[in-house]
Every structure is written in structure tokens, then in C-alpha cells.
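In what follows, a single structure is set out as C-alpha cells and then discussed.
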Amino acid sequence: MKDAPKEIRRAATIALVCSSFTRALGILVSTVIIATLPTWVPGLLAYQPFPIALLVLAIGCVIAAGKGSRIRERIASREFEKARGSSLSAAILGFVVAGVIPGILYILLYMRIGSVMVKRRPDDPRTVYLLPHPSEGLFLGRYIGWAAAYLLVLYIGYTQLPAGLRSVSDWLSPVLGVHFNTLMVAVYLIFTNPLTYPPVFQLWVTAGLLGGIIAGGKVGRGFMVGLAVFLSTLGAMGLAALSIFQGLTSGSLSGIPPPPAGFSLVSAATGPVASDLLPLFLQAASPTDPEFIQSMALTLTRNAGLIFAIVTISGRAACLSWQAGIDLVKYVFVGIRRKPTLTANQKISDRPTLKTALLLLTLLPFFAIPNLTTSHPMIQAPTPGPYDQRLGIGLDMLGAPNATLEMTNLDLSSQGLTIDSNYAGAMVAAFIVNNNDSQAFGNGQGQFLQIISQPALITYYNQSAKVTASQSRAVEAQFSQALGVPFTTVFSLPMGQGGSANIYAPNPELSNNDALIRLLSLLPSQSFSSLINPASIQNMKYFAAIGLVPLQIKGATINSLSFYMHIQYPREYYKGGTHQLSLKSLLGFQNNIVADPVANVSLIGISFQPGTILYSPQNPPQTYFYNSTYYLNVTSPQSDFTAAFDYPFAPDIVIQKTITPTTGPVGTVHVVVVTIQNLDNVTVSNLTGSDIEASPPYLQTLQISPSGTQTVQSPIVPPGTRLPPMSYTVTTESSGIYAMSPSTVSFDWAAPNGTTISYTINTDPAQIDSLSGPWIQFTRTFGDFQPYSYLLLVPLLLTPIVETYRLIRRRGQRQREKELLARSSPPPSSAATLSKPPDSGAGAASPPSS
């Protein structure tokens, strides 16, 4: 084609522009349809004009783009009449169903072809010009590009899985198997909305660019690489789902253990995928509603379609940039060698191909999209009106103190928090911060509240969600203003007796420590809350709530704004004898304990667990009490709450459960050792230690040796004695977090007055974090699906063979084309018809075309 007259080359170029622009417009319109799929399909079914217009426009662009490619071929073969007729029909089609711009472009092409026909002479040669062969890219480029892009997607998916989906995978993978992790990763990669979650958008753009650059050559090669990566990820999700389905038993789902420590329902509900589906669930009448099922299917299809569009468009762009780079290098090389390829009045950058190359290379940096975050200022509340504050300190028989702070009748109107009509019928309307505390409100906290281990706003009404929706949103707006952070709806659940609960999460997410700081900043500056240092308790178990909190004081329910906080402190060891108890030292308060002058009541109480023996200061002891509570009404400035007690708590018997290593890849052998020591100076008796190893749901993916309950017994344990350890090995067969069962030790101790006291101590929770990556997942999939998994080797082995065959065939075809042109070229003195006409359009003969 390079030897064709200038008019023919320009006509062919305009045809290429028409086809490329119309195809790009079709891709753009198709992407818009995909992005609006949840509303586009119902609109199309309702015969709305805009969805129908988008569909017609997409189909028209596809047809018009195909006409442009055929017109270019006819121009090269000098079939100008047919090319002109096709361009006119394409222009009409472009104006009618493909948009105005394609119609204008095809009109210009129609006029250009007409100009060529006008300048044609009867003695013009009948040379048929060959269109240039686009570069075929690297040998095995598509295969290598697919492998590189697919491994990149899997690696980023496994290592950068969002916290919410990661916590779900860590919770359920030990029960459902290692393939559940692959399922979560594939769901994240395929069904996340890339328009609202930039990391996924950037990942698939990078994968498309990487695969397209390695494949190189024609634009279609980049499309095929992107398509292969997308389908491979979709296939991985299908295989993982099939494996989980085959491994399910009747008791698999019923025996799911509680979530491990650190699991956050809020994080899972506000993360990718769930954030798109939960609003649909909240609006649905029931989970079986056909409209809800349709909306959910269309939303997932939209997200997957956007991923497909992004990776294939990026692959096409990468191939264009590859061709641009090749052309740029070629012309620079030509310029260095000073070959007479360009005319005297032309620059290298004047070439259209090079303009395209430079433009594409300039646009590539814009594929990086920054992830912007917004900060919200802190708000410090002024001193409110009169209120009551009660600080309760509890000490159990093991010497583990816990503190409970209750503040009622708070006036937070200056921050926008007021009990108004929107709280009517509300049983709970509070912002909570739960740092793995399972004993909030002094009773066994429900599993539902326990798994909300991230800051959240909860409203609980005694009516349905539809009736109280406006009230709940108004309460959410109050807390958003007071805390200085916006909220997003996580979900709404029907509760018993016609009630409903709504959960809102801060957006962006807050850590428990940051949320506690914001919460404490709303309270009076001189209250007991100033004793608490958030930094010193961030690694302890605590629960805090502010708002309409379900508190009862002396049997009366509190209906005012309240603050509640419960902190569990580490175990302390107290020997017998007289001790000076200091709350400030015991609980690590940052300030002295003083009363707030504006508070109605400032009360401190210390209570002891029933069964704890408290001796009077007399010597020898005369009496003891099984349950004692001491109160101090702080009505005057006081630096601390101190008292002298004679109280022996449990002897310093320590049971420890250690796991080595605590983290490792799937298949790691973890050694579990349980040790029991008497670190006290007294003797205990009838000691029994036991460890049931793991709960039954984990036994499907754990290999324990030796299996069964481990025990150790000793009738007498003198001071300083270390009992023989209980040990066993655990081998993981799946990824995730295994929450091992606690070990238990029970023993008796004789008090100084001869009373025998029995104690039971449990170890702290111990976890095994089993990790898996792409290689482990692939090998496990290959092993679990034999012999069907051998089909996975077909594309790995067949692709190089097919690529080699295509390379040999292309070289043979080009050799035959050269031989055909050589035979058809006449000698220099001949007046053959196969000659190149001059650019001016004159009939003078030109050198033979090659």
C-alpha cells in the first residue's frame, strides 16, 4: 500500500479512521450499557426511549465499523465504485443508527473516493495494492502475556484482599476448605465494582496493559489476552465453588464455629461486593422477591462486565502503544541512518503513525488514578449540664479487675445529640466501640453484637424497618454531626416481636482507638472519663457506647443520653496479708480520681466476686465475707480511692498454651505445648489439666497427632513445680484462622483458716493463622480435581504448538506473496500495467510496485 498514489492512500487512511472511530464509539456505548445495566434492562423491558437508543446505537456502530474495514479493502483493490457505494450506505447508517459523527466521517470518505474516481484516467494501471500486515508481536506473546497478567491478578488478589473479605475467608476456610479462599479472591476480582473501588480498577488496567504490551502486535491480540485473563479468573471461581459444593455435608454449615477474634461484620458488610448487594437487600420485601433476585443478578453482571471491558480495552490500548513504540523506534532508527524515507519538507513527527504513537505514549500515565481520602475534624464538647456518674470496679477470685463506667442524664445538645421524637419507640440508639469484649452490659453478650468488632451505630426500634426508616436516618444524622464522621448503612434486620435493627458504619472506616477518642471527646472534661487513656487500653478488651443505651439503675430503665464503658484488665496476683489498694495504680488511670463539681452524683464502688474471702484487718482473722461491696461517694476533691484489706486471691498458678509457629503456609506443622507451673510460695492439691485440642468443625481440615483430649494430673503441686507439658502437633490443610480450644486447669488451695477453695483457670485464646498463595491454591486444585484437572494442561501445552504452527504458516504466506509479486513485475523497458502512477494523478508510468 505504500506504493499506491497519494489519493488512494488518503482514502484508505480515512476508511481506517472511520472504522476505528466507529468501533471505539461502539465499545464506549457498550461500556455505558454495562455500567447502567441494573437500570438499563428494566428500562428496555419497559420500552423506554433511552435504553432502546443505546441498544440501537451499539448495534449500528458494530455494523458501520465492519463496513469501514471492507471499504478499505476495496479501495486497496481499486474497486472504487463498490467502495463509494458502501461508504454512502455506511454514512446513511451512521446518521440513522450509529450517531452523527460516524455519518459525517463516512460522508468525507464518500467524497474522497469520489475525488479519486474523478482523477482516474482510462490508462491508469490496474494494480491491486496489498494492505500492510500489522505486526504479529512477540513469538508466544499472547501466551506469555496471559500467564504474566493472570499471575499478577492472582498475586494481588491473594495478598491485597480487603479486610472484610479476608476476615470472612479466615473464618470459614478452615471449615469449608482451602478453596473457599480462592472463591473469596475470585469474587473480589470479578464482582467488585471498579468504578467505586479504585484498587480493582487499577489492578485490571495494569493487568490489561501488561498482557497487551507482552503480546504486542494487532489490537485483537490485546483483546484476546484480556479475555483470557478474565475467563481464567472466572474459571478459578467456578472450580472453587464446585470443590466446596462437593465437600459439603449435612453438618458442615450447622457446625460453623464463632468468628475468630478481630472479625468485623461491619468491615465485611461495607467492603467490596457486599456494599453493592446490601442496599438491594435492604430495599427488598423478602430474599425470595423476584425483583430482588433480578437486581442482584444484574448488579453482579454489571460489575463483571465492567471488569471485562476494562481489561480488554487496556489490552487493546497496550497493543496500540506497542505498535506506536515500534514505529517510533523504527523512524528514529531511520533518521539516525539517514535513509531517504522522508521528503525534505517533512519531519518525523509529521507521520500519522508517529503522531498516534506520541499521543498514546503521552496518555499512558493517566491510567493511574489516585485514591483520595477526606479527613474530618475532631469536635470537643463543652461541659454539659448535671449528670450522674458511677465507676464500678470488680475483682474476681483470680485477681482479674474490670472497670465499668456509667454516665447518665448527659446533656449533649451542643453537639446535636438530643432525645427527640426520632427516638420514640427506640430501645437502643447508640454508637458502640467493641474491642473484642464479650461481657458488655454485665451479661453474656450475644454473638451478633460480639462480631461487630468495629465502630458502628446501632438503632433498634420496636417497629418494622419501613415504619422507622426516617427516624433511624435522623438519628444517624445526629451522630454523624456529633462525631464528625459520615455513616453508611450496613444492613437492616428484622428482630423479634416486629422490631428492627439498623447498623451504620463510619465511612471512611475508623479504628477502635480513633473511634474511642472521638467518643470520649463528647463527654464532660472533668468527668471520670478523663481517667481513661485510650492509648493504654488499646490492647485490652473493652466495650464503649454512647446514646440511648439499655442501662438500668436500681431496677429503673434509663431513657436519657448515657455513656457506658466496660474494660477488662489483665490478671493480678495478690498474696495473703494486708494490702493498700489504689485504684489509680491498679487500673493505670492517667489522672487522679476527683469529683466533677457539676455532676449530681460521683460514685465509686468496689465489688468482689461471690466466694472471694475477705479477711478483716484483725489479727488473727475473726470473720470473712463471701460477697462485699465498698462504695465511696466522691463529694470533695480526692486524689485516689485507697483502702486497707486482707484478701488472698488465687495462688499464682499459671497455665500457658503456646503454638510454634503461630503463622505459616498451608501444610505447616505447628507444635502446641501446654505448660502448668506453680509460681507461688504455697502448695496446691488435686490439680487437673486438660486440653481438648480443637473444636469438631476444624477436624475436617486439621491433622492432629496424637488426637484426643490431653490430660495431666498431680495430687500435690509444691511451690516452684513445673508439671510435665501436654504437647501435640497440628498440620493445617486449609487457609484461615483456627481458633484452638482453651486449655483448663483446676486445683484446690487451703486458706490460712483451713477453708479449702477450688479454682478453675482457662488459657487465653490461641490461634493458628494458615496462609495460602496462588501456587498453593493451584497445586491443591490440580490435586483435588484429578483426573479432570489434567484438562488444565491442555491450554498450557497446546498454545505453544498452535503459536508455532501459525508462525510457520505466516512466513510461508509472506514468501508466496513475494514470489507472486516477483513474477507479476515486468522488466524495466516493458509498458506493463502493474505500475505505480505518480502522486499528481498524471498518466506517466512509474516504477513497478513491489
Legend entry - So Arg78, is it in a helix (DSSP H, G or I) and within 21 Å of Tyr106 (Cα to Cα): no
Legend entry - Options Ala11, Ala90: the member that is among the hydrophobic types (A, V, I, L, M, F, W, C), over 29 Å from Ser314 (Cβ atoms), buried (at least 18 other Cβ atoms within 10 Å of the Cβ) and over 42 Å from the mean Cα position of the chain (by Cα): Ala11
Legend entry - Pick from segment 767-780, criterion open to solvent by 10 Å² or more (accessible area, probe 1.4 Å) and touching a residue at least 12 places away in the same chain (Cβ under 8 Å), ranking: nearest to Ala261 (Cα to Cα): Gln767
Inset, instruction - Scan segment 751-766 residue by residue and report those that are open to solvent by 60 Å² or more (accessible area, probe 1.4 Å) and either closer than 25 Å to Ile676 by Cα or not in a loop (DSSP other than H, G, I, E, B) (or both). - result: Pro752, Thr756, Ser758, Thr760, Asn762, Asp764, Pro765
Inset, instruction - Would you confirm whether any residue within segment 489-506 is buried (at least 20 other Cβ atoms within 10 Å of the Cβ), small (Gly, Ala, Ser), out of contact with any Asp or Glu (no Cβ under 6 Å at 6 or more places or on another chain) and over 21 Å from Arg473 (Cβ atoms)? - result: no
Inset, instruction - Return yes when Asp680 is of a type in the set (D, E, K, R) and within 15 Å of Thr763 (Cα to Cα) and no when it is not. - result: no
Inset, instruction - Would you mind stating whether Leu242 is within 18 Å of the chain's Cα centre (by Cα), modelled with pLDDT of 80 or more and surrounded by fewer than 20 Cβ atoms within 10 Å (Cβ to Cβ)? - result: no
Inset, instruction - Name the one entry in Ala381, Ala344, Ala318 that is outside any strand (DSSP E or B), at pLDDT below 50 and surrounded by 15 or more Cβ atoms within 10 Å (Cβ to Cβ). - result: Ala381
Inset, instruction - Just one of (1) in a strand (DSSP E or B); (2) within 29 Å of Pro174 (Cα to Cα); (3) hydroxyl-bearing (Ser, Thr, Tyr); (4) open to solvent by less than 30 Å² (accessible area, probe 1.4 Å) trips up Thr711, so point out which. - result: (4)
Inset, instruction - Report the residue count in segment 34-61 for those that are touching a residue at least 12 places away in the same chain (Cβ under 8 Å) and within 14 Å of Phe95 (Cα to Cα). - result: 6
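The values are calculated or read from the model by the stated rules, or taken from the named source; none is laboratory data. Because the structure is predicted, anything quoted here is derived from the model rather than measured. Positions of Cβ are backbone-derived with ideal geometry, glycine not excepted, and every protein chain shown enters the neighbour counts. The protein model used for the area step is the full one, side chains on, heavy atoms only, and it has no ligands, DNA or RNA in it. Shrake-Rupley method; radii C 1.70, N 1.55, O 1.52, S 1.80 Å.
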